[in-house]
Structure formats: structure tokens, C-alpha cells
Amino acid sequence: MFKDSKISIFGLGHMGLPTAALFAINGLKVMGIDINTEYVEYVNSGRSPIMEPGLDELVTEAVASGNLSATMNGIKASQNADIMIVIVPTPIDEYRRADLSSVTSACKTISKSLQKGNLVIIESTVPPGTCQNIVTPILEENGLTAGVDFDLACTPERALPNNTIYEITHNARVIGGVNSESASRAAEIYSKITAGDIIKVKNIITAEMVKLMENTYRDTNIALANELAVICESLGVDAIEAISAANHHPRVNIHTPGPGVGGHCLSIDPYFIVEMAENEGLEASLIKTSRTINESMPEHVAQIVVDALKEAGKSVIDSEIAILGVAYKGDVADSRETPAKPLIKILIDKGAIVYVHDPFVSTEIIKSFNGIPATLDDALGLDCVVLVTDHSLYKTITPGMIKNSVLICTRPILNPEDFKKEGFIFKGVGIP
Ligand code: SAJ
């Protein structure tokens, strides 16, 4: 059925590009569309503009096969396609409401050249009800009807950055359609690139909700871990030891406390549920509280820094503090929604001079957070070292590498005892 299908994919970002390349190497003709000229040029030259293990090689292979190219002209790309997939970002605005402008813009472009028999698939993460209430009316603007003249399905992307290609090709995929024909067509096309189960749910809104539930589950679980960690610090309990012991229970899986939750998913998606709940007159109180707890962690870490410096006989004012890592999690270059950014601001506001080291994130981004870029050696020579991101490199830090004796560890990747026995003030999230 899809042998000669042509696909246009709107958005060549972290998820769109690997998806486009995977369809291409599996024999489908793919045109990728992006508003970023640089991305389009990169892809057409057979390279990936995004740092993700294996992606550069995958794009090279896909472009060399003649099945993948990129353009900024969405209308032309859609005219030549039977299937249009939308994988564009959906951030939150200053009021923490979903900013769907990229989705609506892609759908407007698609509607201009939508033809009978086409299949439109939304992969972007959206608030429940978006496909029915926002996407469908836009797609129907030129007179065609969803579920009658064209098919519409939703299958939110769910792959983990740094393991994206494996997860796109192996994770279970949840698909909902405006009718069962739409879901079946989408299932057939994705079966070309995934060996994972394909789970067809009743309708589109269920598929939208599944994705949000997954990330909200992680965010609330991490909030619980963070709350327990703060209580443990006060009680003199090693939270990491306690959580890992509790997790030996067959039905317990408490996540890991840390400096806060970053990235463009866990820190944003719960707000999509909150927004839609409030539209229904409901208060998503647990989800909102979890967000508040996770967003308060940088403030808590800053207080640990102040207290530790005091213990060392120093004031935070004019102290030189090293932040190790501004990426939102270990071994990625992505610093979106990173807790390091508010932490740097709070420390500067308290009068500290903040230096930053990150093996993956550019000095431009570090400077945009008002941090002073530093080498690891220089960073380890400052008054206080604050480990924020669990990059593998930082697991190799030993007491001998640090000049002064105040180390704040917000991730459980160093053994406190190794440092304490050398006379260090070793504090951190969940560490008494
Ligand atoms: N974090 C903790 N404690 C933990 C686990 C994570 O503090 O125990 C922090 C991380 O350091 C990071 C943040 O949470 O700052 C998010 O990291 P993550 O690895 O949990 O998730 P993401 O945002 O990289 O990817 C998630 C994934 N969702 C789930 O695992 C349910 C991924 O599958 C989704 O595709 C992705 O969101 C997305 O696009 O929504």
C-alpha cells in the first residue's frame, strides 16, 4: 500500500530528523521541511545539525540513498506528498500555556495543498483535545473533511534524547486516529521503522493523553524524590541510600532526587494537562505541586551552597563558585529548561562570581546564562564546586583534583565518604 508513498515531515529537529532519515533508509521518499536554513543545508549535505549518537551516519546514509532531502518550502513539499507528518516544537508561553504556533503554522501550510486520500499525522506533543479542536479545523479550511476526505492520526514521539534512534525503532508506539482507517494507515507506515509494539487506542485524544501521562508520571515521581531528599537532609538521613533500599521493594520505584527537572518534556508537558484540566474547571493539584517542588530545587541548592560556604568560614558574597554542567541531564548538549540557569542567577544575585564548565554546551550558551566559561581544572580550583549535571566525565572527579574543600553534589554520582574522609565539606541534594 505504501510502496510508492511520499512523506513530507514538518520539523527536522531532535525527533523529526531521525524519523525522516529512518523512513528514508527503509525505502520511502521523504522531504523534510524546516524553517531553519542551516538545518536544511546540513541535511542536504548529508549531515545532522543535531548532536545525537548515530544520527550523523543515519542522515548521511539516508541522503546518499536519494530518499531524503530537505526544503523550506512546505507548500511544494506537501503538494508532492501523500502523507504529512508534523513533528515541531510545542513549548509553553510565559503563562505556562501551550504555544501551538509551530503546529498551527505547519497545519496551515498542509491545508493549502491537502488532497483527498492524504494522511496527516501529528507527532508533536500537544494538550489533549488539540487535534480535534485546533488541528482539524485548520486542515479542513480548504473544504475537505477529516475522516471522510483525508485521514488524521496522532502518535506522539516518545524517544529519549541520547538514545533516540534505538527508541524510535524499538519503543511501543501509541496511535489514535480520527477513525479506525486513519489509525490503521498510520500503524502501517510506522511498522516500517519500528520493531516495537503498535498500540492503537480508541481515539486521538487518548493518544495525546498517553504521552502527557508518561512525562507527568516521571515529573511527579521526581518531585516526590526531591521532597523526600530535602526532608532526609534535615533528619540526617542519606536519602540516596534510603531510596535505593526502598526500591528493593518489588512495587516501589522512587526516582532520583536532583537539582530540578530540565529538558523540553518533563518540565513542560505536565502544564498541558494542568491547562486542559483548568479549562474543565478542575484543579490538577498534585501535578501543579510537583512542578512547584521541582522548580524550587535550584533555590534549595543555592541555600546548601550558602550554608556550606558558611561552614567553611566564607561568605557567598564574592566567593568564586564553579558550576559543573549546564546541560539538563548527563552526556547531552541540550540545556533547555536546565535547572542550572536559575541556580546561576540565584547565586549571582546573592553576590557570588559564577564560573561554568560543561564538556558539551557551548561557551555562548554558558555566557547567555551569565556564567563565566572555565576549564575543568580552573573550575575545580575555586572556593566551592557545585556538581549540577551527571555527565560521565564528572564521575571521575577525585578529592585530589579539587583545590578547596567545599563540594556540593546534586546528583548521586560521587561517593560522599571518599571526600569526607579527606576533610571535605561534602553536601548536596539528599546528603545530610
Ligand atoms: N531527572 C531527575 N531524576 C530522575 C530522572 C530524571 O532529576 O530520576 C531529571 C533529569 O536530570 C532531567 C529531567 O529529569 O533534568 C528529564 O530527564 P529524563 O531523562 O527523565 O527525560 P527527557 O526529558 O530527556 O525525555 C523524556 C522521556 N520520557 C519518559 O521517559 C517518560 C522520553 O521518553 C520522551 O520522549 C521525552 O521526555 C519527550 O520528548 O517527551
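The values are calculated or read from the model by the stated rules, or taken from the named source; none is laboratory data. This structure is a prediction, so every number in the text was calculated from the model and none was measured. Cβ sites come from the backbone with ideal geometry, for glycine too, and all protein chains shown count toward neighbours. Please note that ligands, DNA and RNA were not included when accessible areas were found on the heavy atoms of the full protein model with its side chains. Shrake-Rupley method; radii C 1.70, N 1.55, O 1.52, S 1.80 Å.
Remarks
- Calculated accessible area for the range 324-385 comes out at 41 Å² per residue, all protein chains present (probe 1.4 Å; ligands, DNA, RNA ignored).
- Student exercise, the range 26-90 dipole from Lys, Arg, Asp, Glu Cβ charges, in Debye to nearest 20: 260 debye
- Residues within the reach of a label modelled at Asn133 (point 7 angstrom out along Cα to beta-carbon, backbone nitrogen below 14 Å), restricted to the range 99-122, are 99-100.
- Summary of the geometry: the range 391-431 and the range 219-233, compared by the centres of their Cα atoms, lie 21 Å apart.
- At R0 = 60 Å, FRET efficiency that the Cβ-Cβ distance of Thr292 and Met72 yields, to 0.05: 0.90
- Summarising the amide proton neighbourhood of Lys200: residues at separation of 5 or more, or on other chains, whose placed amide H is nearer than 5 Å comprise Ile175.
- Once the 1.4 Å probe is applied to the protein heavy atoms, the range 6-202 comes out at 41 Å² accessible per residue.
- Local electrostatic count at Gly11 - Lys and Arg +1, Asp and Glu -1, tallied over other residues with Cβ under 14 Å: -3
- Ranking of Arg291, Arg251, Arg97, Arg185 by solvent-accessible surface, largest first: Arg251, Arg97, Arg185, Arg291 (1.4 Å probe, protein heavy atoms only, all chains present).
- Placing unit charges on each Cβ (+1 for Lys and Arg, -1 for Asp and Glu) gives the chain a dipole about its Cα centre, and among Ile231, Leu68, Ile353 the Cα reaching farthest toward its positive end belongs to Leu68.
- Between helix 269-279 and the chain: long-axis angle, C-alpha atoms, 0 to 90°, nearest 10: 70 degrees
- Protein-only accessible surface at a 1.4 angstrom probe places the residues Met51, Met15, Met209 in the order Met51, Met209, Met15, largest first.
- Phi-based couplings in Hz for the range 416-432 (Karplus 6.51, -1.76, 1.60; Gly and Pro marked x): x, 4, 4, 8, 4, 6, 9, x, 6, 8, 10, 10, x, 5, x, 9, x
- Between the range 94-150 and the range 29-50, the alpha-carbon center distance in angstrom: 23 Å
- Percent accessible area from carbon and sulfur atoms, the chain, protein chains only, probe 1.4 Å: 52 percent
- Net charge, Leu393 excluded, C-beta distance under 11 Å - Lys, Arg +1, Asp, Glu -1: -2
- Taking the Cα centre of the chain as reference, the dipole from Cβ charges on Lys and Arg (+1) and Asp and Glu (-1) amounts to some 560 debye.
- Between Ile35 and Glu57, the modelled label-to-label distance comes to 3.4 nm, taking each label 7 Å out from Cα in the direction of the beta carbon.
- Computed [θ] at 222 nm, deg cm²/dmol, the chain (DSSP H ≥ 4; -39,500 (n - 2.57); rounded to nearest 500): -12000 deg cm²/dmol
- Relative to the dominant Cα principal axis of the chain, helix 285-311 is inclined by about 30°.
- Entry comment: accessible area of the range 216-294 is 49 Å² per residue, from protein heavy atoms only and a probe of 1.4 Å.
- Counting 0.36 nm for each residue step from Leu282 to Ser191 and taking away their Cα separation leaves a gain of 29.0 nm.
- Positive minus negative residues near Asn118 (Lys, Arg vs Asp, Glu; Cβ under 11 Å): 0
- Between helix 101-113 and the chain: long-axis angle, C-alpha atoms, 0 to 90°, nearest 10: 10 degrees
- Rounded if a/c under 1.5, otherwise prolate or oblate - the chain, Cα gyration tensor axes: prolate
- Proximal lysine pairs, the range 6-202, alpha carbons under 26 Å, eight or more residues apart or interchain: 23
- Stokes-Einstein diffusion for the range 180-244 at 20 °C, viscosity 1.002 mPa s, with a Kirkwood radius from C-alpha pairs, works out to 142 µm²/s.
- Using only side-chain charges placed at the Cβ, +1 for Lys and Arg and -1 for Asp and Glu, the dipole size of the range 6-202 relative to its Cα centre rounds to 420 debye.
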